[in-house]
Amino acid sequence: MTNKRRYLYMHKGDNEWLLGDPPTDDSLEEWNNAWAELKAKCPHQIEITEDMYASAEYGEVPEWVDVTIEDEGVLAFKMARGVIGGIAGATSVVFNRHYDLNVSQEWGGWDYNRLEVFDGSAHLTFRGKHSSDEVEVNITEQFNQAIGE
């Protein structure tokens, strides 16, 4: 089954507030409405993350990143984890297929991307269409779920 998530950067908009536990005061209704609005815009799973980094010191990150791990890649991704653990000196395996990427409109699309699999993590890196800055998103939990770990 194809695995798709939307990653929202924690430090944009109200995302930091939404990441926490639901409030117990009068703002609970406002909190629920904000989540309902987010879910109405995105039919798949939403993850608010702090693990989205720009390569430039003050570089921008997109408002959201959609990542789809395709079923065809699951076996290759599982094998990558085995290769990393089984070959001395192998620290990662890089893929440029078996996944799909979409970024929010203000980013202007993407130009270059790669999925790098490590022994205990997975990171998607992409460059904006009109920029040399790269953004890295930690997709470890989604990746592990897709390969059954």
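See the values below:
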| read-out | value |
| --- | --- |
| Residue 87 being at pLDDT 85 or above, β-branched (Val, Ile, Thr) and open to solvent by less than 60 Å² (accessible area, probe 1.4 Å) | no |
| Condition broken by residue 80, with the remaining ones in (1) buried (at least 17 other Cβ atoms within 10 Å of the Cβ); (2) under 23 Å from residue 49 (Cα atoms) satisfied | (2) |
| From 144, 138, 102, residue being closer than 16 Å to residue 5 by Cβ and open to solvent by 60 Å² or more (accessible area, probe 1.4 Å) | 102 |
| Any hit, the stretch 124-134, residues being open to solvent by 20 Å² or more (accessible area, probe 1.4 Å) and touching a Leu at 6+ places or on another chain (Cβ under 9 Å) | no |
| Condition met for residue 117 (in contact with a helix residue (DSSP H, G or I) (Cβ under 7 Å, 6 or more places away or on another chain), among the aliphatic types (A, V, I, L, M) and either touching a residue at least 40 places away in the same chain (Cβ under 8 Å) or in a strand (DSSP E or B) (or both)) | yes |
| Where a residue in the stretch 95-110 is on the phi > 0 side of the Ramachandran plot and its partner, wherever it lies, is of a type outside the set (Val, Ile, Thr) and surrounded by fewer than 13 Cβ atoms within 10 Å (Cβ to Cβ), with Cβ under 8 Å and at least six apart | 98/72; 108/129; 108/130; 109/129 |
| Search result, residues across the stretch 1-52 that are among the aliphatic types (A, V, I, L, M), without any contact (Cβ under 8 Å) to a residue 24 or more places away in the chain and exposed (fewer than 13 other Cβ atoms within 10 Å of the Cβ) | 28, 36, 40 |
| Which listed residue, of 65, 93, is among the β-branched types (Val, Ile, Thr) and either in contact with a helix residue (DSSP H, G or I) (Cβ under 8 Å, 6 or more places away or on another chain) or in a loop (DSSP other than H, G, I, E, B) (or both) | 93 |
| Residue check for residue 70: under 29 Å from residue 39 (Cα atoms), surrounded by fewer than 16 Cβ atoms within 10 Å (Cβ to Cβ) and touching a residue at least 40 places away in the same chain (Cβ under 8 Å) | yes |
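The values are calculated or read from the model by the stated rules, or taken from the named source; none is laboratory data. Here the structure is a predicted model, which means the values were calculated and not measured. Cβ: placed from backbone, ideal geometry, glycine included. Neighbour counts: every protein chain shown. Note: accessible area is taken over every heavy atom of the protein model, side chains too, but ligands, DNA and RNA are not part of it. Shrake-Rupley method; radii C 1.70, N 1.55, O 1.52, S 1.80 Å.
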